[in-house]
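Written below as C-alpha cells is the structure these notes are about.
The values are calculated or read from the model by the stated rules, or taken from the named source; none is laboratory data. A quick note: this is a predicted structure, and the numbers were derived from the prediction, not measured. With ideal geometry, Cβ positions are generated from the backbone for all residues, glycine too; neighbour counts draw on all protein chains shown.
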Amino acid sequence: MRLAPYLFLLPFIVLFIVFLVLPIVTAVWMSLFSVQRDGLGLGGSANELAFVWFDNYIRAFQNAGFIESFGRVLLFGIVQVPVMMVLAILLALLFDSAVVRMKPFFQLSVFLPYAVPSVVAALVWGFLYQPRVSPIVEGLRDLGIPVDFLAPGTVLWSIANVSIWTVTGVNVIIIFAALQTVPRDMYEAARLDGAGEFRTALQIKLPMVMPAVMLTILFSIIGTLQLFNEPMTMRSITSNITGDYTPNMAIFQATTLGGNINLGSAMAIILGLVTFALSILLSLVQNRRKGATA
C-alpha cells in the first residue's frame with residue numbers, strides 16, 4: 001500500500017524524465033561543445049567534438065538575426081496578447097450573461113478554430129492574404145482601399161491575426177469555466193444592491209476569475225515566444241518572412257538547415273531562460289497584486 005502512490009505516479013515520472021528532463025540536459029551539454037574540423041578536406045580531415053565552454057552562447061548573442069527575432073516576437077506579444085485577452089474576456093462574460101441566446105452554438109463556434117491545426121489555419125489565411133486570389137483584398141480594392149497583408153510592415157500583424165483567430169477560443173473556455181465556479185449568491189446580492197450586468201461583470205465576475213485570466217496570459221506569453229508554425233507556413237507565400245523571423249525559426253535554421261546542433265542548442269537554452277524569466281516575472285506581479293488586495 002505504501003508503494004501504490006508511487007506506482008500510479010511512475011508513468012508520469014518516466015515520461016517527464018524522458019521527454020522533458022533528458023532533452024534539456026542534452027541541450028545544455030551539447031551547447032558547451034563545438035565541432036572542430038581539421039585538414040584541407042582531401043581525405044585526411046577529421047571532425048572532433050571540442051569543449052568550448054560558452055562560445056556558442058557568445059555566438060548566439062552575436063547573431064543579429066537571432067537577437068532581432070526576440071524584438072519581433074516582443075512587439076508581436078505586446079499587441080497580440082492584449083487584443084486576444086480582451087476578446088476572450090468579453091466573449092466569456094457574454095456567454096455567462098443572460099444576454100446571449102443559443103449559447104452552446106456560439107461557444108462551439110468560438111472554440112472551433114482552436115481545433116484547426118495552426119498549419120492549416122496559416123494556409124487558409126495565407127490564401128486570404130494573397131492579393132490576386134483573396135476575396136478580401138479584392139473587395140477592399142473595389143472600395144478604394146488598397147491593402148497588402150503580406151507587405152514588410154504588415155506581415156507580422158497578419159500572423160498575429162491568425163494567432164488570435166486560432167487560440168482565442170480556448171482562452172474563452174478557460175475563463176468561462178472559471179466563471180461557472182463563482183457563487184451565484186454574489187450575483188443575486190449585487191442585483192439587490194442595484195448593480196446592473198455591466199457593473200456586476202466589472203466588479204464581481206472579473207476579479208473572481210483573475211487567476212484564470214493570469215493563467216491564460218502566461219500561456220499566451222509562452223506561446224508568443226514559441227511562435228513557429230504560422231510564420232514558417234506563410235514563408236512559402238511571401239519573401240518578407242526570413243528564415244530567422246522568430247527565435248524558434250532561428251533555432252531551426254541553425255540546427256536543421258545550418259547543421260550546427262551545438263549553436264542551436266545554445267539558442268534553445270537562451271530561449272528557454274527568457275521564457276522562464278518572463279514566467280517568473282508574471283508570477284511575481286500576480287503575487288504582489290494578491291498581497292496588495294489582501
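For the structure I just gave you, tell me whether ALA92 is of a type in the set (Gly, Ala, Ser) and either in contact (Cβ under 8 Å) with a residue 12 or more places away in the chain or closer than 20 Å to VAL274 by Cβ (or both). It is true that ALA92 is of a type in the set (Gly, Ala, Ser) and either in contact (Cβ under 8 Å) with a residue 12 or more places away in the chain or closer than 20 Å to VAL274 by Cβ (or both). Kindly indicate whether any position in region 131-149 is at negative phi and in contact (Cβ under 8 Å) with a residue 60 or more places away in the chain. Looking for residues that are at negative phi and in contact (Cβ under 8 Å) with a residue 60 or more places away in the chain, one finds none in region 131-149, hence no. Could you please find all residues in region 219-278 being modelled with pLDDT under 90 and among the acidic types (Asp, Glu)? Matches in region 219-278: ASP244 only. Quick check on ARG132: is it loosely packed, with under 14 Cβ neighbours inside 10 Å, within 30 Å of SER69 (Cα to Cα), out of contact with any Gly (no Cβ under 9 Å at 6 or more places or on another chain) and modelled with pLDDT under 85? Answer is yes for this residue. When LEU257, LEU284, LEU273, LEU192 are checked against the criterion of being exposed (fewer than 12 other Cβ atoms within 10 Å of the Cβ) and touching a Gly at 6+ places or on another chain (Cβ under 8 Å), a single residue qualifies: LEU257. Within region 213-226, no residue satisfies the criterion of being in contact with a Phe, Trp or Tyr (Cβ under 9 Å, 6 or more places away or on another chain) and either surrounded by fewer than 17 Cβ atoms within 10 Å (Cβ to Cβ) or without any contact (Cβ under 8 Å) to a residue 40 or more places away in the chain (or both). In region 76-98, the qualifying residues are those that are of a type in the set (A, V, I, L, M) and out of contact with any helix residue (DSSP H, G or I) (no Cβ under 7 Å at 6 or more places or on another chain), and the one that is surrounded by the most Cβ atoms within 10 Å (Cβ to Cβ) is LEU94. The C-beta contact set for region 155-170 (first residue surrounded by fewer than 20 Cβ atoms within 10 Å (Cβ to Cβ), second residue of a type in the set (Gly, Ala, Ser) and at pLDDT 90 or above, distance under 9 angstrom, 6+ apart or interchain) comprises TRP165/ALA121; VAL170/ALA88.
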